[in-house]
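Structure first, then comments.
The values are calculated or read from the model by the stated rules, or taken from the named source; none is laboratory data. The shown structure was predicted, so the numbers you read here are calculated from the model rather than taken from an experiment. Positions of Cβ are generated from backbone atoms using ideal geometry, with glycine treated the same way; all protein chains shown enter the neighbour counts.
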Amino acid sequence: MNELLLVLVDRWPDILRASGQHILLSVVALFWAIILAVPLGIFLTRQRKLAGLVLGVVSVIQTIPSLALLGFMIPVFGIGSLPAIIAMALYGLLPILRNTYTGILDVDKSLLEAGRGMGMTNAQRLVIVELPLARSVIFAGIRTATVMIIGVATLAAFIGAGGLGDLILRGIAMVDTGVILAGAIPAAVLAVLFDLLLAWVDWYITPQGLRLKKQQAA
Amino acid sequence: MQNAIVFEKVSKKYGNSLVIEAMDLSIPQGQIVVLVGPSGCGKTTTMKMINRLIESTSGRILVNGQDIQGIDPVELRRGIGYVIQQIGLFPHMTIAENIYLVPRLRSGKRAMDIAKVDELLKLVGLDPELYRNRYPAELSGGQQQRIGVARALMSEPPIILMDEPFSALDPITREQLQDELIRLNEELHKTIVFVTHDMDEALKIADQIVVMQEGKVVQQGKPDQILRHPANDFVREFLGEKRLSPHLSYLVDDVMLKEPITVLPSRGLAEAVQIMVKKRVTGLVVTDKNGQYLGITSTSDIYHRYTDESLCIADVKQVNAVTVKSGTPLTQVIPLVQEAPYGYVPVLTSDGKLAGLLTQASLVDVLAKPYLQEVAS
């Protein structure tokens with residue numbers, strides 16, 4: 001235990017740098033996953049005939065083992081952070097896409113009827129009714145994607161993208177448990193922290209009226 | 001009278017099935033017009049064609065003289081109030097935001113005219129201070145639907161469509177909201193198109209009733225006209241026999257008061273007055289200890305001779321008052337009760353005992369009974 005502490009103190013600058021890389025990789029990948037998946041999810045609710053096909057394709061991406069997916073990137077994009085980010089973003093697509101799609105479809109039909117009857121345009125219906133009410137479901141998808149992406153980011157070191165995976169790989173090569181843990185512990189902590197952070201953000205931006213409704217249901 | 005909405009040979013087809021068939025319908029301005037009929041008769045479809053939530057297949061619909069095919073559906077709907085059974089308040093918005101929705105849709109801005117919101121809250125009977133900033137989840141169903149009505153009134157539309165707005169509420173709340181809708185429209189004179197499957201509701205709130213069956217208008221008229229002259233067997237059946245002739249099958253025994261206030265003949269006049277004061281009646285039935293009918297007496301009989309302290313009820317009672325036998329059909333005795341000098345007629349058993357008392361009030365009661373029973377069930 002003392003040994004581990006020594007390694008942690010010793011490697012502190014390394015750990016910080018690797019964590020910074022790790023977070024940056026994850027956040028950029030998450031950003032692109034959201035930018036792609038949310039509009040695509042909304043689009044699918046308008047074109048529901050396509051939904052089965054698109055969700056199917058995205059599910060297939062999800063079933064590819066993450067290390068294999070990173071491997072596929074190398075022939076196309078080479079090594080470094082770009083292929084890693086692309087692979088991570090692809091990996092995070094499914095939960096966000098699926099939750100956006102089902103979240104919007106699950107909005108109470110009578111609210112849409114009321115909105116239409118009062119003269120909402122399609123855009124108003126989306127912005128005023130569907131997105132605010134589907135938001136918590138979409139957010140749950142984003143949380144799942146975040147945890148997954150932070151996990152996959154650990155493997156990004158294999159294709160030279162850096163991050164905490166670097167420390168773990170180095171530790172394995174050096175047969176040095178301390179170094180392995182210097183990468184593994186922060187990676188685990190990051191995933192938990194981000195999940196908690198997003199849970200708090202979710203609660204914070206939930207409109208009061210919906211919080212009340214949840215309390216009543218509970 | 002001007003027509004707010006006119007249907008000219010309007011049909012609606014879904015695939016091969018004809019839901020509305022060449023319908024002609026005129027909806028007069030400023031009245032509550034109720035479309036009523038069994039489920040599947042096309043009443044909701046008819047209503048939704050007015051704001052183009054459902055497009056007609058053929059024919060013309062004129063709103064305020066203008067063919068709605070020439071109006072942008074979004075603009076058309078913003079100019080027509082809309083209230084639905086599921087209420088449909090947006091749970092993430094405050095009451096004020098819900099009410100102020102149509103102006104927001106128009107301007108694209110969130111800024112609110114709170115004074116206008118408050119005015120509407122007062123109009124539907126809710127205290128603005130208390131409710132303005134609450135959320136729908138904090139309100140009861142009845143209160144929520146009041147907000148639904150306020151929301152529909154926000155942009156001061158001349159026409160309001162209401163699709164079974166009170167059907168999901170409990171009977172007492174429903175009655176209240178019906179009463180208030182009637183009151184509200186005496187003030188506002190909106191053209192209200194109200195859809196329901198409930199004939200009682202229709203009879204209660206309508207200025208005009210439109211009875212529909214299988215996509216056609218069977219009869220249109222004032223509630224009284226419909227009740228007096230049902231156009232055909234379908235309307236008669238839909239009204240129900242009980243509404244048309246509720247009293248035909250009753251016997252006097254069904255209607256009479258079972259325990260009328262009685263007095264023994266030996267009582268003094270002052271005692272009799274005490275009984276009348278206590279029970280709040282103006283007349284008493286005189287019976288002996290065994291319940292044998294002896295006569296009736298009233299305040300006027302007593303006060304006439306009140307000063308004579310030696311008298312008892314036996315001396316002032318009227319013995320030749322009209323009585324009826326238990327088991328008599330009610331229809332035969334209605335004129336007797338109406339003409340009885342004190343407004344009541346004792347009912348006697350075959351051996352001359354008092355069975356009960358028919359009063360004018362009990363007749364009113366029985367005529368209203370079918371309605372009361374339905375409210376309770």
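What the table below lists for this structure:
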item	result
Pick from region B:122-139, criterion within 12 Å of another protein chain (Cβ to nearest Cβ) and either in contact (Cβ under 8 Å) with a residue 40 or more places away in the chain or polar (S, T, N, Q) (or both), ranking: surrounded by the fewest Cβ atoms within 10 Å (Cβ to Cβ)	B:Asn133
Options A:Ile150, A:Ile128: the member that is surrounded by 19 or more Cβ atoms within 10 Å (Cβ to Cβ) and within 15 Å of the chain's Cα centre (by Cα)	A:Ile150
Number of positions in region B:19-38 that are within 19 Å of the chain's Cα centre (by Cα) and buried (at least 19 other Cβ atoms within 10 Å of the Cβ)	7
Scope region A:164-204; condition among the small types (Gly, Ala, Ser) and under 14 Å from A:Ala153 (Cα atoms); matching residues	A:Gly165, A:Gly183, A:Ala184, A:Ala187, A:Ala188, A:Ala191
From the options B:Thr46, B:Thr57, residue that is surrounded by 22 or more Cβ atoms within 10 Å (Cβ to Cβ), out of contact with any helix residue (DSSP H, G or I) (no Cβ under 8 Å at 6 or more places or on another chain) and more than 14 Å from every other protein chain (Cβ to nearest Cβ)	B:Thr46
Residue check for B:Ser266: at negative phi, surrounded by fewer than 15 Cβ atoms within 10 Å (Cβ to Cβ), free of Cβ contacts under 8 Å to residues at least 60 places away in the same chain and of a type in the set (Gly, Ala, Ser)	yes
Meets criteria (within 12 Å of chain A (Cβ to nearest Cβ), out of contact with any Pro (no Cβ under 9 Å at 6 or more places or on another chain), closer than 20 Å to A:Gly115 by Cβ and not hydrophobic (A, V, I, L, M, F, W, C)) for B:Arg77	yes
In region B:80-89, the residues that are in contact with a helix residue (DSSP H, G or I) (Cβ under 6 Å, 6 or more places away or on another chain), under 26 Å from B:Ile68 (Cβ atoms) and more than 7 Å from every other protein chain (Cβ to nearest Cβ)	B:Gly81, B:Val83, B:Ile87
Residue match in region A:136-144 (condition: under 22 Å from A:Ile205 (Cα atoms), part of a helix (DSSP H, G or I), out of contact with any Lys or Arg (no Cβ under 6 Å at 6 or more places or on another chain) and within 11 Å of chain B (Cβ to nearest Cβ))	yes
Single match in B:Ser58, B:Ser107 (criterion: within 23 Å of B:Met154 (Cα to Cα) and at pLDDT below 95)	B:Ser107
Any hit, region B:112-121, residues being more than 14 Å from chain A (Cβ to nearest Cβ), basic (Lys, Arg) and surrounded by fewer than 22 Cβ atoms within 10 Å (Cβ to Cβ)	yes
Wholly enclosed helices (runs of 4 or more DSSP H) of region A:150-218 bearing at least 1 residues more than 14 Å from chain B (Cβ to nearest Cβ)	A:164-173, A:177-205
Test: residue in region B:90-99 that is away from every other protein chain (no Cβ under 14 Å) and not aliphatic (A, V, I, L, M)	no
Evaluation of B:Ile147 against (1) over 27 Å from B:Leu76 (Cα atoms); (2) in a helix (DSSP H, G or I) (one fails), failing number	(1)
Output for region B:279-301, where each listed residue is modelled with pLDDT under 85 and on the phi < 0 side of the Ramachandran plot	B:Lys279, B:Val281, B:Thr282, B:Gly283, B:Ser298, B:Thr299, B:Ser300, B:Asp301
Positions within region B:95-138 being in contact with a Gly (Cβ under 7 Å, 6 or more places away or on another chain) and among the β-branched types (Val, Ile, Thr), in sequence order	B:Val102
Condition check for A:Arg98: of a type in the set (Lys, Arg), out of contact with any Asp or Glu (no Cβ under 6 Å at 6 or more places or on another chain) and at the interface with another protein chain (Cβ under 10 Å from one of its Cβ atoms)	no
Matching strands (runs of 3 or more DSSP E) fully within region B:1-67 where at least 2 residues are among the basic types (Lys, Arg)	B:3-14
Matching residues in region B:86-105 - criterion: being more than 23 Å from A:Leu212 (Cβ to Cβ) and surrounded by fewer than 21 Cβ atoms within 10 Å (Cβ to Cβ)	B:Pro103, B:Leu105
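This table checks each residue for (1) more than 25 Å from A:Lys213 (Cα to Cα); (2) without any contact (Cβ under 8 Å) to a residue 40 or more places away in the chain; (3) surrounded by fewer than 18 Cβ atoms within 10 Å (Cβ to Cβ); (4) not acidic (Asp, Glu).
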| position | (1), (2), (3), (4) |
| --- | --- |
| A:Ile64 | yes, yes, yes, yes |
| A:Met88 | yes, no, no, yes |
| A:Ile104 | no, no, no, yes |
| A:Gly117 | no, yes, no, yes |
| A:Pro132 | no, no, no, yes |
